[in-house]
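Asks: There's a structure below that I have some questions on.
The values are calculated or read from the model by the stated rules, or taken from the named source; none is laboratory data. Source: prediction; values computed, not measured. Cβ sites come from the backbone with ideal geometry, for glycine too, and all protein chains shown count toward neighbours.
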Amino acid sequence: MRIAFQVFISFLLAYWPIFSMTSVMLFAAPGSTDNARLLLIAMAAMLYPALITGLLHAFKFKLWGMPSDWVFYASLSICLGGIWLFGYPRLYLNTVRGIANNGYSVVQALVYHDGRKIEADAATFQALPSRFLQYGKDHRRVYFDGKPMADVDPAAFRTLERNEPKPEGIPQDADATDGNSYFRFGRRLEPGGS
């Protein structure tokens with residue numbers, strides 16, 4: 001019976017790497033990384049090996065002859081390392097502070113992109129509608145993925161609708177314009193180029 005129990009516990013622990021890799025799929029939906037409750041659930045679920053080995057340690061049960069305290073502290077370290085590696089603590093802290101982990105947000109006179117502070121004027125900043133929330137602008141600059149774009153007129157810059165007609169020679173998947181140039185994924189498109 002003792003061997004069967006150890007085999008069962010070993011299977012539960014062996015599943016953790018697969019579970020931890022698939023746990024990031026919890027955040028595939030837009031806005032899901034801004035859900036504090038979901039982030040807490042994911043972090044708690046990532047700790048299940050530490051819970052199992054903690055119970056083994058509480059009852060001084062050796063797993064395959066290894067001391068229960070060693071097994072517990074090793075699994076706790078690995079679990080916490082996985083949580084840290086996936087960035088869950090930063091995502092959670094951003095969420096409770098009101099900072100979006102995807103796209104742009106303005107919080108307490110600071111501008112953030114994907115949860116990281118960028119140098120932009122919070123008073124005039126606006127996130128521009130686009131498929132992947134990549135464009136934003138203030139009175140001085142236009143930003144793509146949180147980085148300033150060079151030589152772009154912010155006053156005239158706008159994102160394009162997906163099916164909006166473009167002039168001849170401009171690829172149909174252009175996603176923004178400043179009236180003089182067209183852009184795709186933050187890069188200036190040359191007429192006739194791609």
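Asks: Residue under question is ALA29, and the condition is that it be outside any helix (DSSP H, G or I) and hydrophobic (A, V, I, L, M, F, W, C); does it hold?
Replies: yes
Asks: Is it the case that some residue within the range 35-42 is exposed (fewer than 13 other Cβ atoms within 10 Å of the Cβ), at pLDDT 85 or above and either closer than 30 Å to LEU133 by Cβ or of a type in the set (Val, Ile, Thr) (or both)?
Replies: yes
Asks: May I pose another question? Restricting the search to the range 62-81, which residues are modelled with pLDDT under 90 and surrounded by 20 or more Cβ atoms within 10 Å (Cβ to Cβ)?
Replies: Of everything in the range 62-81, just one residue is modelled with pLDDT under 90 and surrounded by 20 or more Cβ atoms within 10 Å (Cβ to Cβ), namely LEU63.
Asks: Right, something else. Out of LYS147, LYS137, which single residue is over 14 Å from the mean Cα position of the chain (by Cα) and surrounded by fewer than 18 Cβ atoms within 10 Å (Cβ to Cβ)?
Replies: Going through LYS147, LYS137 in turn, the sole match is LYS147.
Asks: Which of the numbered conditions does SER77 fail, given that it passes all the others? Conditions: (1) touching a Leu at 6+ places or on another chain (Cβ under 9 Å); (2) over 23 Å from PHE144 (Cβ atoms).
Replies: Of everything listed in (1) touching a Leu at 6+ places or on another chain (Cβ under 9 Å); (2) over 23 Å from PHE144 (Cβ atoms), SER77 misses just condition (1).
Asks: Filter the range 168-192 for residues that are assigned to a loop (DSSP other than H, G, I, E, B) and free of Cβ contacts under 8 Å to residues at least 12 places away in the same chain; which is farthest from LEU133 (Cα to Cα)?
Replies: Among those residues, the one meeting the criterion is GLU168.
Asks: Residue check: is ASN102 in contact (Cβ under 8 Å) with a residue 40 or more places away in the chain, polar (S, T, N, Q) and either in a loop (DSSP other than H, G, I, E, B) or surrounded by fewer than 20 Cβ atoms within 10 Å (Cβ to Cβ) (or both)?
Replies: Yes; evaluated as a whole, the condition is true for this residue.
Asks: In the set GLY186, GLY179, GLY169, GLY87, which member is among the small types (Gly, Ala, Ser) and under 30 Å from LEU40 (Cβ atoms)?
Replies: Going through GLY186, GLY179, GLY169, GLY87 in turn, just one is among the small types (Gly, Ala, Ser) and under 30 Å from LEU40 (Cβ atoms): GLY87.
Asks: Would you tally the residues in the range 172-183 being surrounded by 15 or more Cβ atoms within 10 Å (Cβ to Cβ) and not acidic (Asp, Glu)?
Replies: 6
Asks: Just wondering, is there one or more residues in the range 123-134 that are assigned to a strand (DSSP E or B), within 30 Å of LEU38 (Cβ to Cβ) and free of Cβ contacts under 8 Å to residues at least 24 places away in the same chain?
Replies: yes
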